[in-house]
Amino acid sequence: MSAESMPEPGTPPEPGTTGPRRRAKGRRRKTRSKRRKALLITAWAAAGVVVLGGTGVGYVYFKLNGNIKSVDINQALGSDRPQNVDNGSEDILVLGSDTRSGTNKQLGGGTDDGSARSDTAMIVHVYEGHKKASVVSIPRDTLVDRPSCTDSKGTTHDAASSVMFNSAYSTGGAACAVKTVESMSGIRMDHYVEVDFSGFQKLIDDLGGVDITTTKDIADPDSHLNLKAGKHTLDGEQALGLVRTRHGVGDGSDLGRIQLQQAFIKALVNQVKDLGVLTSPKKLYDLADTATKTVTTDSDLASVKDLASFASGLKGISSSKMNMVTMPVQYDSANANRVLVDKSKAQLVWDALKNDRAIPKAATEGTAGGDAKGVVSSG
């Protein structure tokens, strides 16, 4: 049983009495405060994975274990990686996959060309002590130098220059995406988590939706989204549309979409505290079942026990303790649909994370934005 589901200790009875102990005044409020922190930092993995800490044993345990898909990143990449610095911090690469096959074709639209892309990519840096985190979004349209890499099937892919970042995933899968991020940042990824379209939608539906407020109308038929300015409770399909839209608001770039994604993540974190997911065994199981079917992880997280332990280490992080930025980039003057890494400012970000320090404001000042900041907030 997780710490959140354990009863709060009561106060001892008065001397000389044998009556039951009464709960200390104010304890229930403190319990709620703890529960609102019991959540990971990413939009998709967060709400589902953390509830695994309360799942049972026996049949349920083995069924959930059997749901989890994994990739052995360490074996695929070998020793050609940045140094593994043991300073108490953790770095996790989180990807949202953009495959157009199966149920994802109906949800995401587009052509089923048999390929998959990393529609969303975030480096989650959890600081020593696990009380705060920085999240660095990597625009999928960033032109990068992709290193040679070997995918999980043993196939080696040649290096390439000036290609879109999300081509790393479509070329060599998770292993190539991780190696590309490590090559760009010089930071070793401790873990890898991936969630796809259909899993994201079901996860949000299982949670009962997410409350947001929009300051502008958002209309994008490509992502099946039509929201008037005001308060909304987004179901799974609407939430998926929001985190995917790039034409419905802002400047139409991937940078605007990232700003919406970051706002949605914070709304999701704030929402979970009111859902009571830890008090209902059925809801707990449904969420755990969806989460384990939804995520693909590195092999070190490929069991309920490991996921629960991982989630337990993130319970102290609330939305107010999450600093969310976009990797510093500038618009490509040769192609309005591409961006280029602002190397000097990006280095400020990587140096801060390597040394487990806060990202300086100077790292993102004067970089390309997206014009969607402030359009979405918690409901």
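Every read-out reported here was derived from the displayed coordinates using simple, explicitly stated rules and does not represent laboratory data. Since the model is a prediction, treat every value here as computed from it, not as a measurement. Heads up, the Cβs are rebuilt from the backbone with ideal geometry, glycines too, and the neighbour counts pull from every protein chain shown.
Among the listed pairs K179/K373; K283/K305; K266/K315; K216/K361, which are separated by more than 23 Å between their Cα atoms? Mind showing how you got there, number by number?
Values: K179/K373 30 Å; K283/K305 19 Å; K266/K315 15 Å; K216/K361 27 Å.
With Cα atoms farther than 23 Å apart: K179/K373; K216/K361.
May I ask you to derive the FRET efficiency for D86 and D251 from their Cβ-Cβ distance with R0 = 45 Å, giving the value to the nearest 0.05?
Working: r = 41 Å, r/R0 = 0.92.
E between D86 and D251, to the nearest 0.05, is 0.60.
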- Message: Whole angstrom only: what separates the Cα centroid of region 202-251 from the Cα centroid of region 286-362?
- Response: 22 Å
- Item | Set of region 278-307 residues, backbone N closer than 14 Å to the point 7 Å along the Cα-Cβ line of K63 | 281-293
